[in-house]
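**Student:** Sending over a structure as structure tokens; questions will come in a sec.
Coordinate-derived values only; no laboratory data. From a predicted model like this one, the values you see are computed outputs, not experimental measurements. Cβ coordinates were reconstructed from backbone atoms using ideal geometry, including for glycine residues, and neighbour counts include every protein chain displayed.
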Amino acid sequence: MNAPVSELEARPPLAARELVSELVPELAPAPRALQPHEQPMAQRAFAFALMCIGFFMATLDIQIVASSLRDIGGGLSASQDELSWVQTAYLIAEIMVIPMSGWLSKVFSTRWLFVGSAVGFTITSMLCGLAWDINSMIIFRALQGALGAAMIPTVFTTAFVLFPGKQRIVASTTIGALASLAPTLGPVIGGWITDQWSWHWLFYLNLVPGIAVAALVPKYVHIDEPDLSLIKRGDYLGIVLMSAFLGCLEYVLEEGPRKNWFGDDVIVLCTWIAAIGGFLFIVHALTAKDPIVDLRALSVRNFGIGSVLSFVTGIGIFVAVFLTPLFLAEVRGFSSLQIGLSLLSVGAFQLIALGFYAFATRYFSMRALLLFGLVCFGLGCYLYVPLTHDWGWQQFLLPQALRGIGQQFAVPPIVTMSLGSLPPSRLKSASGLFNLMRNLGGAIGIAVSATMLNDRLNFHYLRLNESVTHGVPQVESLLAGRTAYWSAMAGNTLDAAQAGIAQLHALVLREALVMTFSDTFFVLSLCFVVAIACVAFSRPITTAAPPPDAH
């Protein structure tokens, strides 16, 4: 007879590690931590939604003051030149910090960097609403831009870490919609709030969502862990060079059109600093072992082309939002609320296009959708060219509808093309560079547009003035009619004649201004011809993750 077999002997053989774990539970290895993309879908979606709220707030605040600057100036007794710094200070600070967000998230982790950014943004938003003069407002706006900047690129990184495969289409669509919708809705929301309450609520608006985001993100966002040892070996030389380059460049771009460019000594000095600092920064970033910004990522074809397209769409989004309210204020004399309502159609059509885009991703390639979006965006800008002095929301409807549709179909594929072409190890540094390109495109585009508005206005005014002379029947008829009108009103023929000439001058100036806006929109539309050509050189856009050593 066979001897009885013990329970242990009867069981199938186990690996040594498993056997030790079973016999001595205290020595069993700790369970493997879930990777970010393995976390429950509900948790990932909620974490992403929280970060999108912070991202939307930081992006919205770039343009939320655009249609309310007159009200802010009246409340703070500020001049027009001083008021421009309400936006400039925010942009300069934001552009300087965005590229550093990749390194900061490695040091403090994505979660705690986002929390710190949300807390700082919320506090400085409250301080902006409490500002007592223009100097305090400029300081608080700069702090608001600097502290809130990290919420922008970290969302892009988080989306590509949390969501694999086709889930990235939904994530990139959400981010793309918010990235292009926020600057568009900024003047709309700002104008309505200012009209209904006061300009202070432009900033108080951030308090409740800011506190909610700061309170909930620590619990739900688990992407990475902090590594404080990186502080000792940070690329501080790169930070100094990059800050000098971007800060001075943004100052030159913002102040150049108002100060006659190189006719101002400060502009000349900042240009030299930007040029030298930029050259040294590029050399340093390409030669350093672990630079603050991964410029080498531009050698990845789809990321490089995607960054160029991000630059062009930044021009399109920010310049259109800059030019349209300016036209409605200076030519039509619209109030903040009227300007906001006139711009509402862009956001409305973008939201409508969101559903069509989600449906189209099932049947068309991402590159085809990108081309369609760029064509619509460029065509929408071109349809502004037949501009006249009596254009209102009805005439703006079709161009703005195409802009809204174009933004929705163009931006998400650009996000997927750029960040989807890089391995996770390069996402943090490259995300800051990608977002910098969009904001830099907007800054350069606005500066060039402002310069064109000044130079082409002089050109068109002089050309029209050559035709508006005594002896021209239309001019004589207009002057006679105006003189008779003012003579009947004032009873003084000499004053009436001068009033008629002044009104003629205002008429010529208005038409010259309209022609100038038309020229600027035409140049804006040409930028999209370049963008469409760039798409031809890109590789197919996929949602598959690249290999870790992708290059």
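**Student:** Limiting things to C-alpha atoms, what are the Rg and the maximum Cα-Cα separation (Dmax) for the range 225-333, in angstroms?
**Tutor:** Taking only Cα atoms of the range 225-333, I get Rg and Dmax of 18.3, 58 Å.
**Student:** Still on this structure, I have one more. Roughly what would the spin-label model give for residue 279 and residue 43, points 7 Å off Cα along C-beta, in nm?
**Tutor:** Simple spin-label model gives 5.2 nm for this pair.
**Student:** Report the calculated FRET efficiency for residue 425 and residue 539 (r = Cβ-Cβ distance, R0 = 22 Å), to the nearest 0.05. Write out the running numbers ahead of the final one.
**Tutor:** On the way: r = 20 Å, r/R0 = 0.92.
The pair residue 425/residue 539 has a calculated efficiency of 0.60.
**Student:** While we're here: Which parts of the range 100-122 would a label at residue 136 reach, counting a residue when its backbone N lies under 11 Å from a point 7 Å out along Cα-to-Cβ?
**Tutor:** Zone members listed by number: none at all.
**Student:** If you don't mind, another one. Multiplying the sequence separation of residue 167 and residue 233 by 0.36 nm and subtracting their Cα-Cα distance, what value in nm do you get? Could the numbers behind the result be given before it?
**Tutor:** Working: separation 66, 0.36 × 66 = 23.76 nm, distance 3.59 nm.
Extending this stretch completely gives an extra 20.2 nm.
**Student:** What ranking do 429-437, 98-106, 148-156 get when scored by the average of other Cβ atoms within 10 Å per residue, highest first?
**Tutor:** Working: 429-437: 26.2, 98-106: 24.6, 148-156: 28.3.
Going from most to least packed, we get 148-156, 429-437, 98-106.
**Student:** From the cross-link list 166/428; 166/289; 219/428, which pairs have alpha carbons spaced over 31 Å apart?
**Tutor:** Pairs exceeding the cut-off: 166/289.
**Student:** Please give the peptides 366-373, 387-394, 448-455, 400-407 ranked by average Cβ packing (other Cβ atoms within 10 Å per residue), highest first, as a rough proxy for protection.
**Tutor:** Values: 366-373: 20.4, 387-394: 14.2, 448-455: 18.1, 400-407: 25.8.
The most tightly packed comes first, giving 400-407, 366-373, 448-455, 387-394.
**Student:** Which FRET efficiency, nearest 0.05, do residue 462 and residue 365 yield, Cβ-Cβ r, R0 60 Å? Provide the component values of the computation, followed by the final result.
**Tutor:** On the way: r = 50 Å, r/R0 = 0.83.
In this case the efficiency is close to 0.75.
**Student:** Distances longer than 26 Å among the Cα atoms of the range 40-225: what percent of all pairs is that?
**Tutor:** Working: 5002 of 17205 pairs.
Tail of P(r) above 26 Å: 29 percent of Cα pairs.
**Student:** If you filter the range 182-218 for chymotrypsin sites (Phe, Trp or Tyr not before Pro), then keep DSSP loop positions with at most 15 other Cβ within 10 Å, what is left?
**Tutor:** Details: sites: 192, 197, 199, 201, 203, 204; in loops: 197, 199.
Sites meeting the loop and neighbour criteria: 197.
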